[in-house]
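Structure record follows, encoded as structure tokens.
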Amino acid sequence: MSKNLISVVIPTLNEEENIGKVIDEVKNELNKYGYKYEIIVVDGHSTDRTVEIAKKHGAKVIFDSLGKGSALRKGMEYAKGDILISMDADLSNKPNELRLLISGIEIGYDVCMGSRFIAGGGTEDMPLFRRIGNKIFVILVNLLFGTNYTDLCYGYRSFRRDAFKKLNLKEDKFGIETEISIKAAKLRLKIMEVPSFEKKRNAGAGKLRTFRDGYSILKTIFKNLIDD
């Protein structure tokens, strides 16, 4: 049995139809293997019953309204775990992949990044233009930073606690995953990509806006190229 405390951080905004099931599935998976854990929901001041449902299902709830990146940073700072995991609130991430993300840290990696584009991975939730955009960003980051990533804009990831702190993240919006990938490489952290299958959002509207957030990711890439 693992002695590590696992902290699962889930940013939310109006996810009342999804969050209860997400929390229950995460708990069931972690209980199956005897992990000690906490689930932290970082809510962007939802106007529906997200917060009420999250608390009812046993999650700790804190608030942040600046964006996904800011919520993730705040949740990770609040977390007490030895291993930190970021995941989405829309049931697109499969809880049965948690053990792989945790095991990667336990065998000595600093960061484990879910990838939809290696053997065993896949996606039901990426239109062609977003798939092309992600591929372009992956190629650009690999060229500029000497990395060998297969995926970039995907938030199902695990971190050793001290490694996450070293990243010194700044992004408030959807550029957060790109910032993590670049800074982890620049710091020469031990990084592993693990296969992940992204399901379609269960219910409700997605928060990603392709062109606005694509521009934000591009800005993140070049900001981190300059800030050496």
Interchain or long-range residues, amide H under 5 Å from residue 5's placed H: 82, 83
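Looking at the stretch 69-212, what % of its DSSP beta bridges pair antiparallel, to the nearest 5?
Of all bridge pairs located within the stretch 69-212, approximately 50 percent are antiparallel.
Quick one: Cα convex hull volume of the chain, Å³ per residue? Display every interim value, and only then the final one.
Details: hull volume 25.0 nm³, N = 228.
Roughly 110 Å³ of hull volume per residue.
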Percent accessible area from carbon and sulfur atoms, the chain, protein chains only, probe 1.4 Å: 54
Long-range HN-HN contacts of residue 190 with modeled amide H, under 5 Å: 110, 111
Karplus-derived HN-Hα couplings along the stretch 42-54 (A = 6.51, B = -1.76, C = 1.60, θ = phi - 60°), whole Hz, x at Gly and Pro: 10, 9, x, 6, 4, 9, 10, 9, 3, 5, 4, 5, 4
Intensity falloff of the stretch 55-136 expressed as log10 I(q)/I(0), Debye formula with alpha-carbon point scatterers, at q = 0.21, 0.25 Å⁻¹: -1.29, -1.38
Cα centroid separation - the stretch 59-89 against the stretch 133-181, whole Å: 17
Per residue solvent-accessible surface (Å²) - the chain, probe of 1.4 Å: 47
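The values are calculated or read from the model by the stated rules, or taken from the named source; none is laboratory data. Quantities reported herein were computed from a predicted structural model and do not represent experimental measurements. What goes into the accessible areas is simple: the full protein's heavy atoms, side chains included, and nothing from ligands, DNA or RNA. Shrake-Rupley method; radii C 1.70, N 1.55, O 1.52, S 1.80 Å.
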